[in-house]
Amino acid sequence: MLQVPELSDSTLSLEDGVAILTFDRDDVRNALTGTELIPDILAVCDWVNINHDVGALIVTGTGRAFSSGGNVKDMYNKQGLFAGNPIEMQDGYRHGIQQMTMAMYRVEVPTIAAVNGAAIGAGFDLTCMCNIRLGSERAKIGETFVNLGIIPGDGGAWFLPRIVGEQRAAELTFSGRILEAQEAHSLGIFLEILPEGQLLPRAIEMARQFAAKPREALRMSKRLLQSAHRMGLQDFLDYCASQQGLCHTSDQHHNALAEFLKK
């Protein structure tokens, strides 16, 4: 097994093929900027992709929030990511929080956001970068950038319409309103709503189900779902055929068939 990366503002565990990344900056409501959470995320995503002991990744937080997104005090004081001229800020986004966006998109295993509390702005967008979102009963979410006179600079406007549709994504983006857990569930943002004490156990249960599947087929299935976003049907079918040819000649396929026939 590859050595677990050293993290600054998060913790990471691995058991039964399930990696759990837990944000640990409750003092700033797990803000993504002005902390080391983004470097932590980047390190974990790289580690997951090269570590085939990992079959699924859970992202969650400690304390009051999943993540409050950008640090508003830093925005006001023009510090960190929000300092400098427009070109410098552009590069700050491109080489900062947008690196998180691409890293989460490139994670090769199923990702589950266990949303323990508020997920606001970029914190909400981070949940949308995960394949599955489970929410606690006290979770709140919001695409709130417009309230601060800014836009989703992390790419959230690419993910949100794919989850709730173009019309609802527009309403949520233009209004900047905060949604309670039950409404987020009704819109398909949360797959399930759970009591606070059951959130992480349910996420682990689901992740273990995924991780128990043949690992290469699992990773290939995720790449297949992502490829469907950007390919025409004929090109996509050709890609499916080539990937299926790899699957049919793999040991994992023959082992899975043998287990199935035993039953």
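Laid out as a table, the results:
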| item | result |
| --- | --- |
| Given (1) of a type outside the set (Lys, Arg); (2) crowded, with 19+ Cβ neighbours inside 10 Å; (3) under 22 Å from VAL109 (Cβ atoms), number of the condition PHE82 does not satisfy | (3) |
| Filter result for the condition that a residue is of a type in the set (A, V, I, L, M, F, W, C), modelled with pLDDT of 90 or more and assigned by TED's automatic domain parsing to the domain that holds MET129, over ALA207, ALA228 | ALA207 |
| Close pairs from the stretch 48-68: first within 28 Å of ARG215 (Cβ to Cβ), partner modelled with pLDDT under 95, Cβ under 6 Å, at least 6 apart | ASN51/LEU2; HIS52/ARG215; ASP53/MET1; GLY55/ARG215 |
| So SER68, is it of a type in the set (S, T, N, Q) and touching a Lys or Arg at 6+ places or on another chain (Cβ under 8 Å) | yes |
| In the stretch 37-70, the residues that are in contact with a Pro (Cβ under 6 Å, 6 or more places away or on another chain) and buried (at least 24 other Cβ atoms within 10 Å of the Cβ) | ALA56 |
| Sole exception among (1) surrounded by fewer than 20 Cβ atoms within 10 Å (Cβ to Cβ); (2) within 15 Å of the chain's Cα centre (by Cα); (3) over 22 Å from PHE210 (Cα atoms) for PHE23, by number | (1) |
| Contacts under 8 angstrom Cβ, first residue in the stretch 124-135 being farther than 10 Å from VAL59 by Cα and assigned by TED's automatic domain parsing to the domain that holds PHE66, partner of a type in the set (Ser, Thr, Tyr) and assigned to a helix (DSSP H, G or I), 6 or more apart | ASP125/THR101; MET129/THR101; MET129/TYR105 |
| Filter pass, ILE112 being in contact with a Leu (Cβ under 7 Å, 6 or more places away or on another chain) and surrounded by 23 or more Cβ atoms within 10 Å (Cβ to Cβ) | yes |
| Count - residues of the stretch 215-238 that are outside any helix (DSSP H, G or I) and loosely packed, with under 14 Cβ neighbours inside 10 Å | 4 |
| Total residues in the stretch 201-217, condition under 20 Å from HIS253 (Cβ atoms) and under 17 Å from the mean Cα position of the chain (by Cα) | 2 |
| The stretch 121-141: number of residues that are within 28 Å of ARG223 (Cα to Cα) and outside any helix (DSSP H, G or I) | 9 |
| Flag if ALA169 is in contact with a Leu (Cβ under 6 Å, 6 or more places away or on another chain) and at pLDDT 95 or above | yes |
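The values are calculated or read from the model by the stated rules, or taken from the named source; none is laboratory data. All values derive from a computational prediction rather than experimental measurement. FYI the Cβ positions are ideal-geometry reconstructions off the backbone, even for glycines, and counts take in every protein chain you see.
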